[in-house]
Amino acid sequence: MQEFLQQLVNGVAWGSIYSLIALGYTMVYGVLRLINFAHGDVYMVGAYAGLFSALWLRAGTEPSLGKALLVLLFAMAVCALLGVVIERAAYRPVRRHPRLTSLITAIGVSLLLENLGIVVFGARPRAFPEIVRSQRLELGSIVIGSHQFLVLGVALILMLLLQLIVHRTRIGKAMRAVSFNADAARLMGIPTDSVIAFTFALGSALAAAAGVLVGLYLPRVDPLMGLIPGLKAFVAAVLGGIGNIPGAMVGGLVMGIAETMVVAYLAPTYRDAIAFALLILILLFRPTGLLGKREVEKV
């Protein structure tokens, strides 16, 4: 039982990271009906932005929560700007084109970011500095590392802030209106282009936070680090119900727990396979996802 609870904690920590990435997928899909396959690579850029800001602040030699917060905020700001640039330069020109065009564009942006990452950052993995000192916290028979605790805390705070933005702010109301019907929202005076750009910025900032947390947790970054986690986060978004924000959170947690349990009780070789097994099962038995609702399209 003790081992099971320990693995559950590990799974929730990883699931929180998947949830942060999955939120970007689900928000963009909810507004544009677009699968942004470049989102995993935005997560990679966020990890490197956190790495270089940590080196500049010397957070590795003088760890503190204040410097860790600055690293996190800087990475989120960089990726928020990157998200806006990607939307403006790559997706907005093809917004009225067939969806296949947007999908191919997303794959192209993903490959561009990956190869630019290799050219700019180098192909070899780099160690992420310890911006927060590692400690062990004992809760009864369960041992939680300080990095795990930080991952859980930051992810929870960001998810709560996202819910507040979406449901309690003017821009959040505009996002929901555009998601429901973009043309009607435009006729009502809502600046849909600005709302879509904000959605990309918000989702990209959450991906950057996940990148910094993974860099702290592993601790290692490389230009291709967003490929598999990005696909798993997409599966988590589908699992929870693509376009559904609480569904993305639940899907990420389910993904992280399932992955951790498979590694602990079956074999590490099945770690990546479990994501796609879950995807097949959810598409077979509940295509709308765990929290998704069936939509009827009128022709």
- [ ] Quick one: grab the alpha carbon gyration tensor of the range 176-290, order the square roots of its eigenvalues as a ≥ b ≥ c, and give me rounded if a/c is under 1.5, else prolate or oblate depending on whether a/b is larger than b/c.
- [x] oblate
Open item on the list: In the chain, if the dipole is taken from +1 on Lys/Arg beta carbons and -1 on Asp/Glu beta carbons about the Cα centre, which of L82, I17, L187 is farthest to the positive end?
Closed with: L187
TODO: Go ahead and collect, in residue order, the members of the range 182-202 whose backbone nitrogen is under 19 Å from a label point 7 Å along the Cα-Cβ direction of T169.
DONE: 190-202
TODO: Treat the count of other C-beta atoms within 10 Å as a stand-in for reagent exposure and order L137, L20 from fewest to most.
DONE: L137, L20
Open item on the list: I'd like the orientation of helix 273-285 relative to the chain: the angle between its Cα long axis and the longest Cα principal axis, in ° from 0 to 90, rounded to 10.
Closed with: 40
TODO: Determine the principal axes of the Cα atoms in the chain, then give the extent along each, sorted from largest to smallest and rounded to whole angstroms.
DONE: 57, 45, 37
Open item on the list: Under a crude label model (7 Å from the Cα following the beta-carbon direction), how far is L65 from I118 in nanometres?
Closed with: 4.2
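Report the net charge of residues surrounding I118, where surrounding means a beta-carbon distance below 12 angstrom and charges are Lys +1, Arg +1, Asp -1, Glu -1.
Working: positive: R124; negative: D41, E114, D222.
Residues near I118 contribute -2 overall.
Can you classify the range 30-70 as rounded, prolate or oblate using the Cα gyration tensor, where a ≥ b ≥ c are the square roots of its eigenvalues, rounded means a/c under 1.5, and otherwise it's prolate if a/b beats b/c and oblate if not? Could you put the intermediate results ahead of the total?
On the way: a/c = 5.54, a/b = 2.83, b/c = 1.96.
Prolate shape, in that a/c is at least 1.5 and a/b is the bigger ratio.
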- [ ] About the Cα centre of the range 63-205, how large is the charge dipole given +1 on each Lys and Arg Cβ and -1 on each Asp and Glu Cβ? Please answer in debye to the nearest 20.
- [x] 280
Open item on the list: Rounding to the nearest 10 and keeping the result within 0 to 90°, find how far the Cα-based axis of helix 170-180 lies from the longest principal axis of the chain.
Closed with: 60
- [ ] Select from R220, R168, R286 the residue whose mean-square fluctuation is largest in a Gaussian network model of the chain (Cα-Cα springs shorter than 10 Å).
- [x] R168
Task: Nearest-ten-degree value, helix 65-86 long axis tilted from longest Cα axis of the chain - done: 30
TODO: Filter the trypsin sites (Lys or Arg not before Pro) in the range 85-151 to those in DSSP coil with at most 13 other Cβ atoms within 10 Å of their Cβ, and list the result.
DONE: R96, R133
TODO: Could you list the residues of the range 132-161 with an amide nitrogen less than 19 Å from a label point located 7 Å from the Cα of A264 in the Cα-to-C-beta direction?
DONE: 136-153
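Assign unit charges at the C-beta atoms only (+1 for Lys and Arg, -1 for Asp and Glu), then state the dipole size of the chain relative to its Cα centre in Debye, rounded to the nearest 20. Walk me through the numbers before you get to the answer.
Values: 24 positive and 14 negative charges, 154 e Å.
Value, rounded to 20: 740 debye.
Once every DSSP H run of n ≥ 4 in the chain is given -39500 (n - 2.57) and the sum is divided by its residues, what mean residue ellipticity at 222 nm do you get, rounded to the nearest 500 deg cm²/dmol?
On the way: 11 runs with 209 residues, N = 299.
Only helices count here, giving -24000 deg cm²/dmol.
Let me check against my output: what whole-number percent is the relative contact order of the range 16-225, with C-alpha pairs under 8 Å and at least 6 apart? Spell out each step's value before the answer.
Numbers: 308 pairs, mean separation 91.0, N = 210.
Computed value for the range 16-225: 43 percent relative contact order.
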- [ ] Figure the gain on full extension for L137 and L103 (residue separation times 0.36 nm, minus the Cα-Cα span) and round it to one decimal in nm.
- [x] 7.8 nm
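None of the figures in this text is laboratory data; all of them are computed from the coordinates on show. On a predicted model such as this, the values are computed, not experimentally measured, just so you know. In this analysis, Cβ positions are derived from the backbone assuming ideal geometry, glycine residues included, and neighbour counts consider all displayed protein chains.
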